[in-house]
Amino acid sequence: MNRIVKKEILNSTVTSMEILAPAVAKKARAGQFVILRVDEMGERIPLTVAGCDREAGTVRIIFQIVGASTMLLNTKVPGEFIEDFVGPLGKPTCTRGMRRVLVVGGGVGCAIALPIAEELYRQGCTVDTVVGFRRAELVILKKEFETVSSSFTLMTDDGSTGRKGLVTERVREILEESKNYDCVFAIGPLVMMKFVVSTVKPFGVPVTVSMNPIMIDGTGMCGCCRLTVGGELKFACVDGPDFDGYLVDFDEAISRSEQYLCEEARAREKERAREETCNLLKMEVH
Amino acid sequence: MPNMQAKKTPMPTRDPLERAHDFEEVTVGYTDKMALSEAERCLNCKNRPCVSGCPVGISIPEFIAKVREGDVQAAYRIIARSSSLPAVCGRVCPQETQCEKNCVRGVRGEPVAIGRLERYVADRHSELSGEQGEQEKKPEVNGRRVAVVGSGPAGLACAGELAKRGYDVTVYEALHVPGGVLSYGIPEFRLPKRIVQDEVEQLKSLGVNIQTNTVIGRTFTVDELFEMGFEAVFIGSGAGLPRFMGIPGEQFKGVFSANEFLTRVNLMKAYLESSATPIAKGKKVAVVGGGNVAMDAARTALRLGAQKVYIIYRRGMEELPARKEEVEHAMEEGVEFRLLQNPVEILCHCGQPDQRGQSERTERLKERDSRNGWVRAIRCVRMELGEPDEQGRRKPAAIPGSEFDTEVDTVIMAIGTSPNPLIAQTTTGLETNRRGCIVVREHTAQTVRNSVYAGGDAVTGAATVILAMGAGKKAAEEIDRELKKK
């Protein structure tokens, strides 16, 4: 059992939590993930570490409320406990020896991009950041990114804040100005990562992507998170989650990510119905 | 006068039509009367051939003699001298290739049902202990700390043996439930999880500390365990990494490793409405492989409501590596055996085995057909058996041009597993062989690194519960010997 020490609503569908887990906090590095279960019948949810406070022994997670389990997690408040919390899992992001990088974050993927940008900034690397969101209300972590970036571009699909357009447009501009980057880190929806890779390709800069496929155990046992990378079978949990963007078969990953959509939709409806009944009960009491 | 009946006393088993729809245990277990009658079939041979067939050398005729006398507790004590998990092994050991294979009664008729008797003794012991509130005496502690990595059969056996010798043992388990393959792999209908829990509780009562949700190699490294004050480390991290065939279409939606499928059901309880973990409930399921895991996956698919379940295996009936009883149970329940066949490709809706790089047209098709990218059929080639190889197994060879398709919506790959790579990747000074198995000095559990021991599937590659248990126990003896020297 792990205690929730802090909760912050970042936007209508994204929540940040800090969980007390000293052993994990002590070890976790940028790019690694944890697996948690909210309650005894809960599923194992993999979430990337968004930061940690080694002294306080807390790990920060940022999650999008997409399914029944994240809906349930979002109902928890500081002081309450979650059933299981295990990690850090996966290999840390390789940042060694980098002097200038471009970090590209999309949507809730920014939660994963941030610790990588922070880590690189700490190492004295020049970090240029491009983040994209659908619209103004969905923007998260803007201040945090600005603190560690030498240049920061915010893009929205509808132009409701920042620049209008897709992250790939800005990535192309930046690289046209200078190709002098050690690496591009792209973290976000699979489609976004796929197109960042194809945008960067003509410039010949390496691209690292962070994959978060469906997982159960996260220790190399279920084979659920398998990907094709450079024609070889890889498990995101033990071989990743970071991979060479040029080698990842994104179309296959996109298809496999849809495997449980129907089941998830059903579970979401059930959870929503349950929540609504709870709210009705509350109303009757008052 | 021994009971000269040629056949084993039958095991009471639930009706196949009924049991194929639930997750309750398939076999019911002997009554006192049945056990007595079966025990009387044992001739108590002087040269004890059965014992030499047992990987841990249980004194089989002696425990059976106690059953004959009606002294179950004494029988249990005899088994417990050699085995740490009698209730488990009585259920899952491949007795027909071990103890029972050597039984003299097997020459004319069936061997003594040693496995069934072992299970009877273990189950009765647990009932009696519960009634009498019998508690194992807590051993005297010596204050020396040993860490055990993994709470599967090897880890549990090692921890139990060390605890009995007075060590302060901590078992680290990566998952949220202890038991390893006993919890995530073997289904409830074959090994009820309460039995695994009982074994774990028994260890706890001996003073063993079990830490779940801790991944050695990640949360703590082996080096850190030594820094934390452990004097020896036993690695029993198992062989959990699933293998795939490498055939086209294996990445389509609806293709699972047996590990994924079984973990969702056994560990995550996805068969219960109250579980949040989703599971694919296929209507026509192909399970590739002929071992116990394949049988477990096939029978689980039936229980989840499949109308057709095929076992696809490249050799024949005789060569099936699964326990005979599991094969029989699977057949009774309606699993169809497609023998001498080998998959060459998995096909999906939309016809193409691979739609990579296709254009907008496919995108539009995708919208129309939500089944796009889902398994549609499995293409197999017929096989014939050639000459036996050096291990005496007849090598299968494909018959050219004999390919044919079987319509299925789910494919489960149960073709074996490799050792978990995490510990080897993150521990300095360990050696692994080309199959990823941790190398130990011959006839010992000692790795090339001082004070680090290993055993079970992590060393041998996927094998049996009893071999892993035996290895864990042996490692405990070696650790005890080494630490006493210090």
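Give the residue that is surrounded by the fewest Cβ atoms within 10 Å (Cβ to Cβ), with candidates limited to residues of the range A:55-72 that are within 14 Å of chain B (Cβ to nearest Cβ) and modelled with pLDDT of 95 or more.
Filtering the range A:55-72 for residues within 14 Å of chain B (Cβ to nearest Cβ) gives A:57, A:59, A:66-72.
Narrowing further to those that are modelled with pLDDT of 95 or more: A:57, A:59.
Values: A:G57: 17, A:V59: 32.
The selected residue is A:G57.
For residues in the range A:45-54 being closer than 25 Å to B:T277 by Cβ and either among the hydrophobic types (A, V, I, L, M, F, W, C) or buried (at least 24 other Cβ atoms within 10 Å of the Cβ) (or both), which is nearest to the other protein chains (Cβ to nearest Cβ)? So that I can check it myself, show each step before the final result.
Step one: of the range A:45-54, the residues closer than 25 Å to B:T277 by Cβ are A:45-50.
Those still in the list that are either among the hydrophobic types (A, V, I, L, M, F, W, C) or buried (at least 24 other Cβ atoms within 10 Å of the Cβ) (or both) too: A:45, A:47-50.
Details: A:I45: 9, A:L47: 14, A:T48: 14, A:V49: 12, A:A50: 18 Å.
The qualifying residue nearest to the other protein chains (Cβ to nearest Cβ) is A:I45.
Could you pull out the residue among B:G249, B:G254, B:G289 that is buried (at least 20 other Cβ atoms within 10 Å of the Cβ), assigned by TED's automatic domain parsing to the domain that holds B:M383 and under 30 Å from B:A113 (Cβ atoms)? I'd like the intermediate steps shown before the answer.
Details: B:G249 fails: under 30 Å from B:A113 (Cβ atoms); B:G254 fails: under 30 Å from B:A113 (Cβ atoms).
Of the residues listed, the single one that is buried (at least 20 other Cβ atoms within 10 Å of the Cβ), assigned by TED's automatic domain parsing to the domain that holds B:M383 and under 30 Å from B:A113 (Cβ atoms) is B:G289.
Regarding the range A:80-88, can at least one residue be identified that is more than 9 Å from chain B (Cβ to nearest Cβ), in a strand (DSSP E or B), within 27 Å of A:Y260 (Cα to Cα) and in contact with a strand residue (DSSP E or B) (Cβ under 8 Å, 6 or more places away or on another chain)?
The initial filter retains those residues of the range A:80-88 that are more than 9 Å from chain B (Cβ to nearest Cβ), namely A:80-82.
Keeping just the survivors that are in a strand (DSSP E or B) gives A:81-82.
Still in the list and also within 27 Å of A:Y260 (Cα to Cα): A:82.
If we keep only those that are in contact with a strand residue (DSSP E or B) (Cβ under 8 Å, 6 or more places away or on another chain) as well, we get A:82.
Looking for residues that are more than 9 Å from chain B (Cβ to nearest Cβ), in a strand (DSSP E or B), within 27 Å of A:Y260 (Cα to Cα) and in contact with a strand residue (DSSP E or B) (Cβ under 8 Å, 6 or more places away or on another chain), one finds at least one in the range A:80-88, hence yes.
Could you please tell me which pairs satisfy a Cβ distance under 7 Å, a separation of 6+ or placement on different chains, a first residue in the range B:149-162 that is outside the structural domain of B:R218 (by TED's automatic domain parsing) and farther than 13 Å from B:E199 by Cα, and a second residue that is among the small types (G, A, S) and crowded, with 24+ Cβ neighbours inside 10 Å?
The qualifying pairs do not exist here.
Could you list, in sequence order, the residues of the range B:257-269 that are modelled with pLDDT of 90 or more and either under 19 Å from B:P192 (Cβ atoms) or within 7 Å of chain A (Cβ to nearest Cβ) (or both)?
B:S257, B:N259, B:E260, B:L262, B:T263, B:R264, B:V265, B:N266, B:L267, B:M268
Can you name every residue in the range B:1-26 that is more than 22 Å from the chain's Cα centre (by Cα), within 25 Å of B:N44 (Cα to Cα) and among the hydrophobic types (A, V, I, L, M, F, W, C)?
If the condition is that a residue be more than 22 Å from the chain's Cα centre (by Cα), within 25 Å of B:N44 (Cα to Cα) and among the hydrophobic types (A, V, I, L, M, F, W, C), then B:M1, B:M4, B:A6 are the ones that fit.
Which condition does B:R14 not pass, out of (1) of a type outside the set (A, V, I, L, M); (2) closer than 21 Å to B:L156 by Cα; (3) out of contact with any Leu (no Cβ under 8 Å at 6 or more places or on another chain), if it passes all the others?
With (1) of a type outside the set (A, V, I, L, M); (2) closer than 21 Å to B:L156 by Cα; (3) out of contact with any Leu (no Cβ under 8 Å at 6 or more places or on another chain) applied to B:R14, the lone miss is (2).
Has the range A:119-134 got any residue that is aromatic (F, W, Y), assigned to a helix (DSSP H, G or I), surrounded by 15 or more Cβ atoms within 10 Å (Cβ to Cβ) and not assigned by TED's automatic domain parsing to the domain that holds A:L47?
For the range A:119-134, residues aromatic (F, W, Y), assigned to a helix (DSSP H, G or I), surrounded by 15 or more Cβ atoms within 10 Å (Cβ to Cβ) and not assigned by TED's automatic domain parsing to the domain that holds A:L47: present.
Looking at B:G238, B:G289, which is the one that is at pLDDT below 95 and either within 19 Å of A:D217 (Cα to Cα) or touching a Phe, Trp or Tyr at 6+ places or on another chain (Cβ under 7 Å) (or both)?
Selected residue: B:G238, the only one of B:G238, B:G289 that is at pLDDT below 95 and either within 19 Å of A:D217 (Cα to Cα) or touching a Phe, Trp or Tyr at 6+ places or on another chain (Cβ under 7 Å) (or both).
Can you tell me which residue in the range B:132-146 is farthest from B:V208 (Cα to Cα), limited to those that are at pLDDT below 85 and not charged (D, E, K, R)?
So the residue we want is B:Q132.
Out of curiosity, is B:G207 closer than 26 Å to A:F33 by Cβ and modelled with pLDDT under 95?
For B:G207, the condition - closer than 26 Å to A:F33 by Cβ and modelled with pLDDT under 95 - is not met.
Could you grab me the full set of residues in the range B:391-422 that are more than 14 Å from chain A (Cβ to nearest Cβ) and under 26 Å from the mean Cα position of the chain (by Cα)?
B:Q391, B:G392, B:R393, B:R394, B:K395, B:P396
Within the range B:198-231, take every residue that is away from chain A (no Cβ under 14 Å) and more than 27 Å from the chain's Cα centre (by Cα) and give me the one that is surrounded by the fewest Cβ atoms within 10 Å (Cβ to Cβ).
Among them, the one singled out is B:G229.
Looking at the range A:209-253, what strands (runs of 3 or more DSSP E) fall wholly within it and have at least 3 residues that are buried (at least 22 other Cβ atoms within 10 Å of the Cβ) and within 10 Å of chain B (Cβ to nearest Cβ)?
none
Across the range B:323-357, what is the number of residues that are at pLDDT 95 or above, touching a helix residue (DSSP H, G or I) at 6+ places or on another chain (Cβ under 8 Å) and outside any helix (DSSP H, G or I)?
4
Against the definition (assigned to a strand (DSSP E or B), of a type outside the set (V, I, T), within 16 Å of the chain's Cα centre (by Cα) and within 14 Å of chain B (Cβ to nearest Cβ)), how does A:L36 come out, yes or no?
Yes; evaluated as a whole, the condition is true for this residue.
The values are calculated or read from the model by the stated rules, or taken from the named source; none is laboratory data. Predicted model, so just to flag it, every value in this text is computed and none were measured. Every residue, glycine among them, receives a Cβ derived from its backbone with ideal geometry; neighbour counts consider all protein chains shown.
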